[in-house]
Every structure is written in C-alpha cells, then in structure tokens.
Amino acid sequence: MIQDDPLDKEVRQLAGRLNRKIKILLSGEKDKIGDGLITEMIIISGYMSHYIVKEGSRSDSERSHVKQMISRAKEIQKELE
C-alpha cells in the first residue's frame, strides 16, 4: 500500500461511511431509497475496499476510476440526507 496517499485516506473514510449506511438501510430503514441505489452503494463500497487492500502501485486508470466512485458516493450521500 502506498503510504501517505491522500486518495487512500479519502477512500477509507468514504468506504467506512458507505458500509455503515448500507448496514442501517439493510436493517430496515429503507423508507426513501430503492434497491437500485443500495446495490450501487454496495458495488462502490466493494470497489473501494478492493482499492484499499490492493498491494503495489496503482495505475492512473485505477486512480481515475476510484475518483469517479468517490464523486458518485458523495452524490448518493446528498440524496440520502
């Protein structure tokens, strides 16, 4: 893992928040969210988790993709507020 990478820190924080929200939603608080959005959150969370544990250097395309996922995850958080 690359040390002191700001992207890693952001991915870790966001993945943690997504995982907590997914657990809450799946435990019964699905009042204003559809299954499609929960599925999207799970996919994003899984990709971020994979990104975090991947050893070695990451390609520019991987970094770009995870940045897109971060943007979408932030949009989802706003939708859920």
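The values are calculated or read from the model by the stated rules, or taken from the named source; none is laboratory data. Just so you know, these numbers come straight off a predicted model, no measurement behind them.
What the table shows:
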| read-out | value |
| --- | --- |
| Lone qualifier among SER27, SER45 - being among the hydroxyl-bearing types (Ser, Thr, Tyr) and at pLDDT below 80 | SER27 |
| Enumeration of residues in the range 30-42 that are more than 9 Å from the chain's Cα centre (by Cα) and at pLDDT 85 or above | THR39, GLU40 |
| Residue selected from the range 41-81 under the condition outside any helix (DSSP H, G or I) and charged (D, E, K, R), by the criterion nearest to ARG20 (Cα to Cα) | GLU81 |
